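Asker: To start, I am sharing the structure in question, which I have written as structure tokens.
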Amino acid sequence: MMTGDPMTNPDIKHLSADDLFWERVEAARRMSPAEKIEAGFRLYREGCARIAYIIRNHFPRASEQEVQKMLSAILRFCRRLDIP
């Protein structure tokens, strides 16, 4: 088993997608509750940034306010789906 974050380890090219998944699971198991909460917020922010990037690509003339409004609508829609 590798040590450290598999996403920053130089041996990453030698791992399969399955190996990477299980390395991430093991890393998460070693996290404290506070680290897990922080990671959750980080994932949420990164997800929002990716969605905003996609919106900007689809609507290149949209203002930042319009992008944020569309992002909010997408997030409201996702919450209604109630996906765990």
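The values are calculated or read from the model by the stated rules, or taken from the named source; none is laboratory data. Since we're looking at a predicted model, the values are computed, not measured. Please note: Cβ atoms are built from the backbone with ideal geometry, for glycine as well, and neighbour counts cover all protein chains shown.
Per-residue answers, yes or no, for (1) modelled with pLDDT of 95 or more; (2) hydrophobic (A, V, I, L, M, F, W, C); (3) in contact with a strand residue (DSSP E or B) (Cβ under 6 Å, 6 or more places away or on another chain):
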position: 12; (1), (2), (3): no, yes, no
position: 18; (1), (2), (3): no, no, no
position: 21; (1), (2), (3): no, yes, no
position: 26; (1), (2), (3): no, no, no
position: 57; (1), (2), (3): yes, no, no
position: 62; (1), (2), (3): yes, yes, no
position: 75; (1), (2), (3): no, yes, no
position: 82; (1), (2), (3): no, no, no
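Asker: Among the candidates 52, 62, which residue alone is of a type in the set (A, V, I, L, M) and free of Cβ contacts under 8 Å to residues at least 12 places away in the same chain?
Answerer: 62
Asker: Ok, one more. Considering only residues that are among the hydrophobic types (A, V, I, L, M, F, W, C) and over 8 Å from the mean Cα position of the chain (by Cα), which ones fall in the stretch 28-47?
Answerer: 28, 31, 34, 37, 39, 41
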